[in-house]
Amino acid sequence: MRLFRLVVLLLLLVVVVVPGIYGPVAQWAFPDESSHVYARVDMATLLLQHLVLAGLATVAATITGVALGVLVTRPAGQSLIPLVRDLAALAQTVPPVAVLVLAVPVLGFGTAPTVLALFLFSVLPILGNTVTGLQQVDPALLEASTGMGMRDWRRLLVTELPLAAPVILAGVRTAAIISIGTATIGATIGAGGLGVVIIAGLVRDNMAFITAGALASAVLALIVDWFFELAAGRVMRVQRGATDGV
Amino acid sequence: MIRFHGVTKRYGEKTAVDGLDMTVENGSVCVLIGPSGCGKSTTLRMINRLLEPDEGTIEVDDKALRDYDPASLRLRIGYVIQSVGLLPHMRVWQNIALVPRLLGWEKPRRRERADELLDIVGLDPEEYRDKYPAQLSGGEAQRVGVARALAADPPYLLMDEPFGAVDPLTRATLQQSFRDIQSRLKKTVVLVTHDLDEAIYLADRIALMRDGVLQQFGSPAEILTSPVNEFVREFVGSDRMLRMLNTVELGAVDGWSGADGSRPTLRDALSQLLSAPERSIRVGLNDGSQEELDFDRIREMVLP
């Protein structure tokens with residue numbers, strides 16, 4: 001059933017991306033539009049750009065967020081935790097579009113400011129979840145690990161990070177999905193990606209274009225989410241004892 | 001050998017351990033016991049440097065603890081805690097093989113060692129090695145916890161209420177297994193409990209503490225028969241001689257049957273004797289010989 005969902009999503013993506021298929025479909029769906037396939041850049045390229053934008057931002061945000069999360073949960077960084085929590089909460093209330101708009105005057109146009117804006121927005125949920133995940137590890141397990149002779153770094157790798165993994169992964173998942181959605185707006189500042197088709201559609205009042213861009217990014221987000229669900233299931237299975245209090 | 005010299009530990013205003021002097025001999029089981037907050041757990045946790053004393057020194061193998069690197073010290077001291085602390089994301093064998101892994105053993109050797117230890121603690125390796133901690137009962141988890149502490153064959157073993165979180169029947173079985181294992185392995189053990197019967201049953205020496213001060217340090221028989229002060233007398237209770245009966249284990253008692261794998265003690269023998277029509281009953285001793293047991297003989301066996 002889960003695999004079936006992926007197959008359907010991939011088929012949808014193929015329909016939107018391959019001009020030979022999308023052309024006739026769009027013609028049937030939007031008979032009044034003059035053109036149906038965006039011709040200036042092909043959809044596959046835009047899709048790839050989109051994935052790179054969101055991917056770069058998410059990977060950078062994951063590395064930064066997890067590293068910062070680990071630092072503030074060490075004994076020396078404990079005092080920073082309230083600040084980090086407040087920042088994380090604050091960032092969740094600001095719409096990503098606003099972050100993007102604010103980034104332009106500072107960073108100009110293009111790919112870099114888009115990635116940076118996406119990164120800034122993504123890093124805080126990951127950081128917040130990393131802190132939460134690490135803090136909710138049972139103190140008895142930490143004591144057992146230290147008492148067994150693990151050094152701090154080893155305890156982090158063997159005990160803390162694996163046990164915090166589901167929560168951290170949930171943060172990365174949120175960040176990745178939001179990034180894919182938000183990356184469409186990157187087109188307004190010249191970053192490329194699927195937003196290009198949407199903007200073109202808005203400018204020319206062409207529903208076929210708008211639908212292609214919106215559908216492609218939505219399906220992309222769902223596909224990425226599908227992989228995260230798979231990963232989460234795997235992590236949870238490894239963790240099946242974690243909730244048992246043993 | 002573990003030696004305490006004038007060890008004091010304070011938490012703010014409160015003195016948790018006050019000028020403790022004590023020596024735990026190699027190969028012996030020392031049980032720390034006393035009311036809540038008497039400093040027994042604090043004492044235990046200073047031995048593997050999870051806590052540092054404010055005054056005094058602790059020596060392990062004639063070397064002061066502060067001269068050891070804490071992590072390497074802990075690799076030589078097995079540690080069992082009440083909540084067991086098995087890592088839930090690792091299989092049983094991986095949990096047991098954690099310290100060998102820290103010591104850099106190769107994987108095949110770690111697996112082999114985990115199987116050996118499952119055998120030692122009385123769990124079938126075939127059945128248990130690939131389970132996750134959540135799939136174990138409380139008693140099984142405790143056994144795995146002990147196996148993990150023993151994995152790298154450390155000369156020392158610290159146990160913080162290791163049998164506290166299981167039902168009484170399981171606890172009795174675990175205590176008996178532990179005694180069997182200890183008689184074979186001869187580790188130097190420091191065990192914390194609040195259960196006097198457990199202390200009497202397991203200890204070579206009992207350290208009875210109150211408010212951070214060691215009240216009496218001696219064999220179970222000494223503590224029970226010659227308490228040094230009113231507190232010790234009250235702590236061991238007026239039924240202390242009955243508790244002594246538990247310290248003597250027998251091979252068999254006529255008419256007695258207990259839980260699987262458990263062995264009778266002199267207390268069970270007395271109980272049988274009281275309900276027997278004759279003035280004596282037959283019991284088997286641990287060495288396999290047989291003996292007629294009457295009330296006088298019981299008195300002799302309790303007070304050696």
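What follows is calculated from the coordinates using simple rules that are stated; it is not laboratory data. Computed from a prediction, not measured in an experiment: that's the story for all the values here. Positions of Cβ are backbone-derived with ideal geometry, glycine not excepted, and every protein chain shown enters the neighbour counts.
Exposure proxy shown here: for A:220, A:202, the number of other Cβ atoms within 10 Å sets the order, fewest to most, as A:202, A:220. Between region A:165-185 and region B:107-164, what is the C-alpha centre distance in whole Å? Spelled out, the Cα-based centre of one part sits 40 Å from the other.
If R0 is taken as 30 Å, the Cβ-Cβ distance between residue A:226 and residue B:134 corresponds to a FRET efficiency of 0.65.
Converting the Cα gyration tensor eigenvalues of chain B into ellipsoid dimensions via √(5λ) gives semi-axes, longest first, of 33, 28, 15 Å. Have a look at B:13, B:112, B:126 and tell me which one the Gaussian network model of chain B (Cα, springs below 10 Å) gives the largest fluctuation. In the Gaussian network model the winner is B:13. For the protein assembly as shown, a simple Cβ point-charge model (Lys and Arg +1, Asp and Glu -1, everything else neutral) yields a dipole of about 1700 debye relative to the Cα centre.
Charging the Cβ of each Asp and Glu at -1 and of each Lys and Arg at +1, and nothing else, the dipole of region A:2-239 about its Cα centre rounds to 500 debye. Hey, what angle do you get for helix A:96-107 against the long axis of chain A, alpha-carbon based, 0 to 90 degrees rounded to 10? Roughly 90 degrees between the two axes.
Neighbours of residue A:9, meaning other residues whose beta-carbon lies under 15 angstrom from its beta-carbon, give a summed charge of 0 when Lys and Arg score +1 and Asp and Glu score -1. Ordering A:28, A:10, A:70 by the projection of their Cα atoms onto the charge dipole of chain A, which places +1 on the Cβ of Lys and Arg and -1 on the Cβ of Asp and Glu, puts A:70 at the extreme positive end. Neighbour counts of C-beta atoms inside 10 Å place A:1, B:90 in the sequence A:1, B:90, starting with the fewest. Counted over the protein assembly as shown, the DSSP beta bridges are approximately 60% antiparallel.
Against chain A, whose longest principal axis comes from its Cα atoms, helix A:81-93 is set at around 20 degrees.
Taken as Cα centroids, region B:209-247 and region B:284-301 sit 25 Å apart, rounded to the nearest whole angstrom. Note that region B:180-273 shows a convex hull volume over its alpha carbon atoms of 110 Å³ per residue.
Residues considered: A:185, A:21, A:198. Largest GNM mean-square fluctuation over chain A, using C-alpha springs under 10 Å, is found at A:21. Highest GNM mean-square fluctuation among A:89, A:170, A:117, for chain A modelled with Cα contacts below 10 Å: A:89. Computed about the Cα centre, the dipole magnitude for chain B is approximately 920 debye when only Lys and Arg (+1) and Asp and Glu (-1) carry charge, each at its Cβ.
The separation of region A:119-138 from region B:25-95, counted between C-alpha centres, amounts to 33 Å. Sort the protein assembly as shown into rounded, prolate or oblate with this rule: let a ≥ b ≥ c be the square roots of the eigenvalues of the Cα gyration tensor; rounded if a/c is under 1.5, and if a/c is not under 1.5, prolate when a/b is larger than b/c, oblate otherwise. Verdict is prolate for the protein assembly as shown. Counting, for every residue in B:120-133, the Cβ atoms of other protein chains within 10 Å of its Cβ and taking the mean gives 1. Per-residue extension of 0.36 nm, minus the Cα-Cα distance of residue A:12 and residue A:59, leaves a gain of 14.3 nm for this segment. When both bridge partners sit in chain B, DSSP labels roughly 60% of those beta bridges antiparallel. Taking other C-beta atoms within 10 angstrom as a stand-in for reagent exposure, A:227, A:121 fall in the order A:227, A:121, fewest first. P(r) tail for region A:2-239: Cα pairs beyond 27 Å make up 45% of the total.
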